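Reviewing the structure listed below.
Readers should treat all values here as calculations from the given coordinates under stated rules, not as data from a laboratory. All values reported here derive from a predicted model rather than from experimental measurement. Note that we place each Cβ from the backbone using ideal geometry, even for glycine, and neighbour counts take in every protein chain shown.
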Amino acid sequence: MPVFSLEPAQTAWCAQLRTLAAERLRPLAEKGEPGRVNRPLVAALGELRLLERLFGAGALELCLLRESLAYGCTEAETALALQGLGSYPLVQAGSAAQRERWLPEVVAGRAVAAFALSEPDAGSDAAALALKAVPDRAEGRGGWRLSGEKRWISNAPEADFYTVFARTTEGAGARGVTAFLVPADRPGLTGTALEMLSPHPIGALNFDDVPVTRDDVLGDPDGGFRVAMNTLNLFRPSVGAFAVGMAQAALDAALGHTARRTAFGGPLKDLQSVAHQVAEMATRTEAARLLVYAAAAAYDEGAEDVPKRSAMAKLLATETAQYVVDAAVQLHGARALQRGHVLEHLYREVRAPRIYEGATEVQRTIIAKELYAKDAKDAKEPYA
C-alpha cells in the first residue's frame with residue numbers, strides 16, 4: 001500500500017464531512033456577520049462533536065478534518081481551527097484546574113478561544129515579543145502585570161479567553177517568554193476590531209497593567225516560546241490542509257465549468273491550453289496534499305524533522321492554493337468575480353494563509369535552517 005493512501009473509513013469520513021459542511025454548516029455561515037464571531041456556527045461545531053474530535057485527533061486526522069470542512073464551508077473550517085489554535089496551548093501545557101475550567105466550554109462551542117502571539121513589531125519574528133510581564137510584588141502576590149499590545153489576533157476582541165505570550169525576562173530572546181491564559185474580562189484588558197479582508201474578527205488587544213498570577217501560567221515561566229512553537233508545528237500542516245481543501249474546491253469548479261462552457265466551436269476543455277492548465281492545477285493540488293499528509297504523519301510518529309516538514313507543507317500548500325484559485329478564476333472569467341460565486345469567496349479567503357502562522361518567507365527560512373543544521377550534524381562539525 002502506498003504510504004499515504006487513506007483507509008476506506010477515512011475516505012468515507014471525509015465525504016461525510018464535506019456533506020455536513022455544505023448542508024449543515026454553510027447555511028449558518030451565510031447568516032453570520034462578516035468580521036464577527038459566528039457563535040451559532042461555533043455552537044454547531046460543538047453540537048456535531050467536531051470540536052471534540054478536533055482535540056482528540058492526531059495531526060493527520062486534524063488535516064483531514066480541516067481539508068474536508070474547507071472544501072464545503074471555509075467559515076466553519078476557520079472557526080474550528082481557531083478554537084484549536086487558541087486552546088491547544090491549554091491542552092499541552094495547562095494545569096488540571098485550567099483545563100477543567102475552559103476545555104469543556106470550548107469543546108461544547110460555548111467559549112471562544114484566541115491565540116495571541118503577534119504584535120505590531122513582532123509577527124514573523126516571534127522571539128522579538130515586546131509585551132512585558134513585570135513582576136507584581138504588591139501585597140506579596142507573586143504574579144505579573146502585562147503591559148503592551150497584541151495585534152492581528154484572530155477572534156479578538158470577541159474571544160472569551162486568550163493564550164497570551166509575554167516577555168518575562170528581558171534580553172533572553174526566545175528563552176524569556178511565558179505563556180498565560182488570560183480571560184477576556186480581566187481588568188485592564190481591552191480590544192479593538194481591525195477592518196481586515198476576513199470573514200472572522202481580527203483585532204488588537206491592549207494590556208494596561210493586566211494582572212496575572214502563577215495560576216494563569218501555561219507550562220513553566222520562561223517556557224512559553226516552546227508552547228507556541230509546539231502549537232504551530234501541529235497547526236502548520238493543517239493550515240496546508242485548509243489550503244488544499246480550497247484548492248480542490250477551485251479545481252472542481254474549474255473542471256465543471258470548462259467541461260460545460262462552449263467557446264470557439266466546442267467545450268473549453270477541448271482547448272489544449274485549457275486542458276493543460278487544469279492538469280497543472282490538479283498535479284500541484286495533489287502534490288501539496290501528499291506533502292501535508294507526510295508532515296502530519298511525521299508529527300504523529302514523533303519524527304525529528306517535524307519543524308522542516310511542517311514548514312514545507314504550509315509553504316507549498318498555501319502557495320499552491322493561491323495559484324489554483326487564481327487559475328480557476330481566470331478560466332471562469334468575469335463571472336468568477338461576481339459576489340456570491342464560490343471562486344469570488346475563495347479568492348478572498350486564499351490570500352491570508354500565506355501570511356498567518358508564519359509567512360511563506362519565514363517557512364523558507366525554517367526549512368533552510370533545518371537543512372543546514374542536519375548537514376552540519378551529519379558532517380559532525382559545522383561549516384565555517
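Things to note:
- Exposure proxy ranking, count of Cβ atoms within 10 Å, fewest first, for Cys14, Cys63: Cys14, Cys63
- Cross-link partners for Lys308 among the aspartates and glutamates, with Cα-Cα distance under 15 Å and sequence neighbours closer than 8 places in the same chain left out: Asp300, Glu357, Glu361, Glu370, Asp375.
- Max mean-square fluctuation residue, GNM over the chain, Cα-Cα springs under 10 Å, options Arg260, Arg226, Arg214: Arg260
- With each label modelled as a point 7 angstrom along the Cα→C-beta vector, the Ser5-Arg348 pair spans 4.2 nm.
- Distance histogram in 5 Å bins (all Cα pairs of segment 8-107, percent per bin): 2, 13, 24, 25, 17, 11, 6, 1
- Stretchable slack from Thr190 to Leu371, in nm (0.36 nm times residue separation minus alpha-carbon distance): 61.0 nm
- Relative contact order of segment 226-379, pairs being alpha-carbon contacts under 8 Å that are 6 or more residues apart, as %: 31
- Legend: ranking of residues Lys150, Lys132, Lys314, Lys31 from fewest to most surrounding C-beta atoms inside 10 Å; resulting order Lys31, Lys132, Lys150, Lys314.
- Computed packing ranks the peptides 330-337, 5-12, 303-310, 234-241 as 234-241, 303-310, 330-337, 5-12, most packed first, by mean other Cβ atoms within 10 Å.
- The alpha-carbon of Lys132 sits under 20 angstrom from the alpha-carbons of these lysines, leaving out residues fewer than 8 places away in its chain: Lys150.
- Cα-based helix-to-principal-axis angle, 272-301 vs the chain, degrees rounded to 10: 30
- Semi-axes of the equivalent ellipsoid for segment 312-384, computed as √(5λ) from the eigenvalues of its C-alpha gyration tensor and ordered from largest down, come to 39, 10, 7 Å.
- Cβ-based net charge around Asp160, under 12 Å, with every Lys or Arg adding one and every Asp or Glu removing one: +1
- Ordering of 94-103, 154-163 by packing is 154-163, 94-103, highest average first (other Cβ atoms within 10 Å, averaged per residue).
- Normalised by residue number, the volume inside the convex hull of the Cα atoms of segment 113-222 is 92 Å³ per residue.
- Ascending count of other beta-carbon atoms within 10 Å, so fewest first, for Arg364, Arg145: Arg364, Arg145
- Stretchable slack from Phe264 to Arg214, in nm (0.36 nm times residue separation minus alpha-carbon distance): 10.9 nm
- The chain pair-distance distribution - Cα-Cα, 20 Å bins, rounded %: 28, 56, 16, 1, 0
- Filtered chymotrypsin sites (Phe, Trp or Tyr not before Pro), segment 244-315: DSSP coil and at most 13 other beta carbons within 10 Å: Phe264
- A convex hull fitted to the Cα coordinates of segment 227-369 yields 104 cubic angstrom per residue.
- Using C-alpha pairs under 8 Å with a sequence gap of at least 6, the mean separation divided by the residue count of the chain gives a relative contact order of 15 percent.
- 5 angstrom amide H check on Ala113, placed H, neighbours 5+ away: Asp160
- Computed [θ] at 222 nm, helices only, for the chain once each DSSP H run of length n ≥ 4 contributes -39500 (n - 2.57): -17500 deg cm²/dmol
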